[in-house]
1. Hey, could you get me the Stokes-Einstein D for the stretch B:106-313, Kirkwood radius over alpha-carbon pairs, 25 °C and 0.890 mPa s, rounded to whole µm² s⁻¹?
2. Each residue of the stretch B:64-70 in turn: what ³J(HN,Hα) in whole Hz from Karplus with 6.51, -1.76, 1.60 and θ = phi - 60°, glycine and Pro shown as x?
3. Can you give me the P(r) profile for the stretch A:226-302? Cα pairs, bins 10 angstrom wide beginning at 0, each as a whole percent.
4. Considering only C-alpha atoms, what is the centroid distance from the stretch B:75-125 to the stretch A:147-164, in Å?
5. Length gain on complete extension for the stretch B:R225 to B:I102, per 0.36 nm per residue less the alpha carbon to alpha carbon distance?
6. Quick query: amide H of B:K79 versus all other amide H atoms, modeled in the peptide plane; which residues come in under 5 Å with a sequence gap of 5 or more or a different chain?
7. May I ask you to list the aspartates and glutamates whose Cα is less than 13 Å away from that of B:K143, ignoring any residue fewer than eight positions away on the same chain?
8. Using the Karplus curve 6.51 cos²θ - 1.76 cosθ + 1.60 with θ = phi - 60°, work out ³J(HN,Hα) for each residue of the stretch A:129-145 in order, rounded to whole Hz, and write x for Gly and Pro.
Amino acid sequence: MTSVAPRVRKAEKAPKSPMQDTYWPWIVPGILLFVFIVVVPFFWNIYLSFTKWNGLGSPKWIGANNYVKLMGDDVFWQSFLHSIVFIISMAIIPTVLGLLISSALFDYLSPRFGNRVSTVMRAGFFLPQIIPIAIAGLLWSWMLSSQYGIINVTLVQWGIVPSTDEAPNWLGNASLAMLSVNVVLIWIQLGYTIVVFMSGLARGDQSIHEAAAIDGATWFQRFRMITINQLRPEIAVVLLTTTVAALKVFAPIYVMTQGGPGSATNVPAYFSYFNFIQTSNVGYGAAISTVLAIILIVLAIFLLRMQTRQQGNN
Amino acid sequence: MSTTTSSARNGKGNTVNSASGASKALSEMTPQELRKLSKRGQGGFNKRTFGSWAWLIIILVAAIAWISPLYLAFVNSVKSTTEYDTTGPLSLPTYIDFNNIIHFWNKANFTEKLWNSFQISFFVAILGVLISFLTAYAIGIGKIRGRFWILALFMVAFTIPGEALMYPLLRMMKMIGLYDNIYSLVIIFSVLLSAFGTYLLSSVLSDFPTELLEAAKIDGAGSFRLLRSVVFPLTRPTLLVLMVFFFIWTWNEFLLPLVMLPSNSSQTVSLSMGLASGQYTSEPTQQAAAALVGILPTLLFFLIFQRTLLKGVTMGSVK
């Protein structure tokens, strides 16, 4: 901020007016609905996690048994391990690639080839973000299908493998399925980080970049010294929101692999759904979802603290 | 300072090559001219070199790779099955064959799915934004006591996974007879999304110009008139952006429709697509048609609201 006119900031505290209390009725419908749709189900679900129930009759209180069982359940731990892998492919890789691409588009290509070029490419990367995830899953299971999928048919056509029977079974092979799903998740997620970072760059003071360039700084030096610093708030927020998204992954797994083969691509969200609906282990499903919810709530509190701090700085 | 910078940036790269001002003395030059000169002397902040073309091509290839699945779905959905078998998935079709698309459309009863999705998303956009606006009005304008904690609660609630609410919600909807009814999802999504909407709108409304509020109050406006004739008209653009987002988020939702809408006739587009996967594996062109038909509505929506959507992605993350 180099503007000459001093910005007079309004006193932050709201004036204590006698009207203040007439506003509370406006919040009543919102709060009531919130209690019925979020608070009650949430605590009900926690209660269910302490019971054994198949959805018929009434739940039987069994204390912390579900949680004890959970701690010893290999599938549960495996599903969380997969979540950590998804954090890499949905949070870390898109953030790194997104930084490089958005900076290259904004800072390197846009001044040389015009804004249109970078706008069009940004839209291209963003396109997977607007497709419903279930449909992205459908699209990819079509491409990755072992017998008729586009990838294997092309491999055969190019003579890389003799027939689709010998081509890799991308989603059906336990060691490949995880890789395939991760590629799809990166494909979905990259556009989000690029768009956020590019808007962050547009917000920043471009003269720093130009001054550095005039002083002979290369693009990579500018990227390392200026861009990363400028985007610090965006990076933090993107990392947290994408981590939350990675932990919540459900639809791609449901559509592409159903957690399989075996439990090779199982994740907590799908594991919980599976217990709730497929096998009617309501109590166990509730316990898994409660653990997941607690992890996500902790992340949300981090995010909240970060944002209030940022607002304080502004 | 910053204004001259941005105007220089917005110009195309070739402005650098213009030699204007080069003959003037340095002290007589405007900042813009100085800037151009310095760039020229340096040999190219904005110059298209061989290396810059190489980078352009690399990123362009990546962007093309990114949209290629959509391109493949498009190409193969209008290809006849026999042609797919002989020439494979990569070639362009020799003639456009809409049979796959028509066949899928009828088989999945897609018109019905579109209508279901549209209704749910439309009502959520209206109801969700209405709830968000009223709650945010009390928080952002009314500055009611305890607002920080209400917002914190909403923010936290927004990250709770659907799995942790789904089963009790299912039982509740069964109790009140809304199970397998799209209006159960209208209620649920309106409330879930309004937690986010309130969070966002509250911060927009807390920056509302106080002069306007004070003036209206002096004129004797109560909180209803203030809402209707001062705050609402000025917030309408933001509300519309939020509606676009609520619409598209609801449209894309998968888990809760999966649990709440078991019967075929109440399914949404996303849900029926997710369930269609694997159903047509022996007919690849059919599956391409399914994917394409599923993508088209959102693609259309994206093209119409592109600016809003791209702007809105960053909404609420960093102010």
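Here, each number is a calculation from the coordinates, and none is a lab measurement. Quick caveat, the model's predicted, so the values are computed rather than measured. Cβ sites come from the backbone with ideal geometry, for glycine too, and all protein chains shown count toward neighbours.
1. It comes out at roughly 130 µm²/s.
2. 5, 4, 5, 8, 4, x, 5
3. It works out to 18, 38, 26, 13, 5, 0, in whole percents.
4. Spelled out, the Cα-based centre of one part sits 24 Å from the other.
5. Taking B:R225 through B:I102 to full extension adds about 39.0 nm, to one decimal.
6. Here B:D97 satisfy the definition.
7. Output for B:K143: A:E12, A:D21, B:D207.
8. Computed from phi, the couplings for the stretch A:129-145 are 5, 8, 6, x, 4, 4, 6, 4, x, 4, 4, 6, 5, 5, 6, 8, 3 Hz.
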